[in-house]
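K.L.:
Starting off with a structure, shown below.
The values are calculated or read from the model by the stated rules, or taken from the named source; none is laboratory data. All values derive from a computational prediction rather than experimental measurement. When we count neighbours, we look across all protein chains shown, and the Cβ atoms used for this are built from the backbone with ideal geometry, even at glycine. Accessible surface is based on the protein model in full, side chains and every heavy atom, while ligands, DNA and RNA are left aside. Shrake-Rupley method; radii C 1.70, N 1.55, O 1.52, S 1.80 Å.
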Amino acid sequence: MKAKSLFVALFLCLFVVSGCTSNKVQEPQNPNKLSLPEGIPNFVTEKDFEKIDWDRTATEFDTGTSSNMVGNKNKLGIIGPELKPNEVEKWLWHFWGIDKGEFTIVGYNQDTSNISPVLSDGDWSRTGVGGGKINGADASLPSNVALPKAGKWAFLVYIDGKLFDTLVMDIKGK
């Protein structure tokens, strides 16, 4: 009899506890919420990503030399092969309006909100912009680049800690 009473009491306690609910509305989880990764330079801000114009994609343009570039004419251009996910490629960056500085590049995937270094060694920055006038540009810098996945990417380019330009490119799968 005691066992039966104990069982009924335990059942009633479970019934009462399971009937309690919270009035708090749970915030929906946003898997694409922007989160700056650890180690990213402190001058990179969330506002920089909010300002991306996804419709202003990098285009091919003639520099008046034997080499065509992809980028934003008279601001920032690249000579190099088309980038494929998980493949290292060598790009020659060209800059107009500057002649030297520290180069920082941050990749941002539109679909996943993934923020990633673009330099293939995983670093965010590199010194050495200023390789002299070449292909009509005021400065240049070679680098090896890689991205983890395909998609529409924005490359936020900083010179000496200031946002210089943004290139939007569609990186196709293999």
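K.L.:
Got a number for carbon plus sulfur as a percent of the stretch 125-174's accessible area, 1.4 Å probe?
P.N.:
Details: 1070 of 2060 Å².
Its accessible area is 52 percent carbon and sulfur atoms.
K.L.:
I'd like the accessible area for Asp53, computed on protein heavy atoms only with a 1.4 Å probe and all protein chains in place. Round to 10 Å², please.
P.N.:
In the full protein context, Asp53 sits at about 80 Å².
K.L.:
Excluding ligands and nucleic acids, what accessible area in Å² is computed for Glu46 using a 1.4 Å probe, to the nearest 10?
P.N.:
Result for Glu46: roughly 80 Å² accessible.
K.L.:
Quantify how much of the Cα-Cα distance distribution of the stretch 119-168 extends past 14 Å, in percent. Don't jump to the answer; show the numbers that get you there.
P.N.:
Details: 782 of 1225 pairs.
Value for the stretch 119-168: 64 percent of Cα pairs lie more than 14 Å apart.
K.L.:
Okay, moving on. Over 25 Å between Cα atoms: which of Lys47/Lys152; Lys47/Lys84; Lys100/Lys152; Lys84/Lys133; Lys51/Lys73; Lys51/Lys90 fall into that group?
P.N.:
Values: Lys47/Lys152 19 Å; Lys47/Lys84 28 Å; Lys100/Lys152 29 Å; Lys84/Lys133 28 Å; Lys51/Lys73 19 Å; Lys51/Lys90 28 Å.
Check vs 25 Å cut-off fails for Lys47/Lys84; Lys100/Lys152; Lys84/Lys133; Lys51/Lys90.
K.L.:
Give me the Å³ per residue figure for the convex hull around the C-alpha atoms of the stretch 52-174. Please list the in-between numbers first.
P.N.:
Details: hull volume 11.6 nm³, N = 123.
Cα-based convex hull of the stretch 52-174, divided per residue, equals 95 Å³.
K.L.:
Quick one: dipole size for the stretch 29-88, taken about the Cα centre, charges +1 on Lys/Arg Cβ and -1 on Asp/Glu Cβ, in debye to the nearest 20. Intermediate values should be presented prior to the final figure.
P.N.:
On the way: 7 positive and 10 negative charges, 24 e Å.
Dipole magnitude for the stretch 29-88 comes out near 120 debye.
K.L.:
Leaving out ligands and nucleic acids, note down the accessible area per residue over the stretch 25-174 with a 1.4 angstrom probe, in whole Å².
P.N.:
Working: 7990 Å² over 150 residues.
Averaged over the residues of the stretch 25-174, the accessible area is 53 Å².
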